[in-house]
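Visitor: This is the structure I have questions about; it appears just below.
The values are calculated or read from the model by the stated rules, or taken from the named source; none is laboratory data. What you see is a predicted model, and the numbers here were worked out from it, not measured in a lab. Positions of Cβ are backbone-derived with ideal geometry, glycine not excepted, and every protein chain shown enters the neighbour counts. For the accessible areas, the whole protein counts, side chains as well, though only heavy atoms, and no ligand, DNA or RNA atoms are used. Shrake-Rupley method; radii C 1.70, N 1.55, O 1.52, S 1.80 Å.
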Amino acid sequence: MEEEMYPGFELHFEMTMRSFLGNKADHIAGQAYSPQVRKKWYRKALLKAQKQIMSIDTSTSHREQLNTWCEAALKVLGERKLDEYKLLIYLFRLISALLGFRGLKGVTLYSAFFWQNKGQYYTEQLNSVADPMIDYYDIENSVSIRKELVKELKERGLSDFKIAQVLNTTEYQVKKMKNNL
């Protein structure tokens, strides 16, 4: 690729690397003009992506396809001179595999499925909302929902034991929630 970059490239380069590497890539915008330095940062980001790719719950053949394109991109980054056109093509192949496309017919054989664990949810909340009390509000909300469920299940005639089974908790917790209704 030509060394003449579009306006704002440096900032986009830094933001992209930070999306993979966090603060390790802070203040690297000025390094964006060096192909060798870009290659180093691309490699770090791709190695981190490869770790994540290998943890994806998918078929063995799909994981192999993902790894093939990731390895191909890493191989380009191992070459003496950075060929960003070749890298771009391999990254597009990796994206197509991540989105479930397989083969040369534009057919989607796999569906992407995304979810969050509890820690990721709270990290997202803390990064998007400047309220350090989000844990407290969410816990209060979940407790009030559980109380409503206990009340509703009690009205249906379920015993404390059955309610505890439904809510995956103890009878003691159910009795405490009933007393606080």
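Visitor: Within the stretch 97-120, work out how many residues are free of Cβ contacts under 8 Å to residues at least 24 places away in the same chain, crowded, with 16+ Cβ neighbours inside 10 Å and part of a helix (DSSP H, G or I).
Guide: Count: 0.
Visitor: For the stretch 1-18, give me the residue count where each residue is in contact (Cβ under 8 Å) with a residue 40 or more places away in the chain and either crowded, with 16+ Cβ neighbours inside 10 Å or of a type in the set (Gly, Ala, Ser) (or both).
Guide: Start the filter on the stretch 1-18 by keeping residues that are in contact (Cβ under 8 Å) with a residue 40 or more places away in the chain, which leaves 1.
Pick out the ones that are also either crowded, with 16+ Cβ neighbours inside 10 Å or of a type in the set (Gly, Ala, Ser) (or both) and you get none.
Final tally of qualifying residues: 0.
Visitor: With (1) surrounded by 17 or more Cβ atoms within 10 Å (Cβ to Cβ); (2) over 19 Å from residue 110 (Cβ atoms) as the list, and residue 48 as the residue in question, which single condition is left unmet?
Guide: (1)
Visitor: Among the listed residues 57, 83, which satisfies the condition of being over 14 Å from the mean Cα position of the chain (by Cα) and open to solvent by 40 Å² or more (accessible area, probe 1.4 Å)? Even if it seems obvious, please write down each step before you answer.
Guide: On the way: 57 fails: over 14 Å from the mean Cα position of the chain (by Cα).
From the options 57, 83, the qualifying one is 83.
Visitor: Output yes when any residue across the stretch 71-83 is under 23 Å from residue 127 (Cβ atoms) and without any contact (Cβ under 8 Å) to a residue 24 or more places away in the chain, and no when none is.
Guide: no
Visitor: Would you check which residues across the stretch 125-179 are at pLDDT 75 or above, polar (S, T, N, Q) and either open to solvent by less than 60 Å² (accessible area, probe 1.4 Å) or not in a helix (DSSP H, G or I) (or both) and list them?
Guide: Within the stretch 125-179, 142, 144, 159, 168, 169, 170 meet the criteria.
Visitor: To continue, here is another question. In this structure, does residue 21 turn out to be under 17 Å from the mean Cα position of the chain (by Cα) and open to solvent by less than 90 Å² (accessible area, probe 1.4 Å)?
Guide: Against the criterion (under 17 Å from the mean Cα position of the chain (by Cα) and open to solvent by less than 90 Å² (accessible area, probe 1.4 Å)), residue 21 qualifies.
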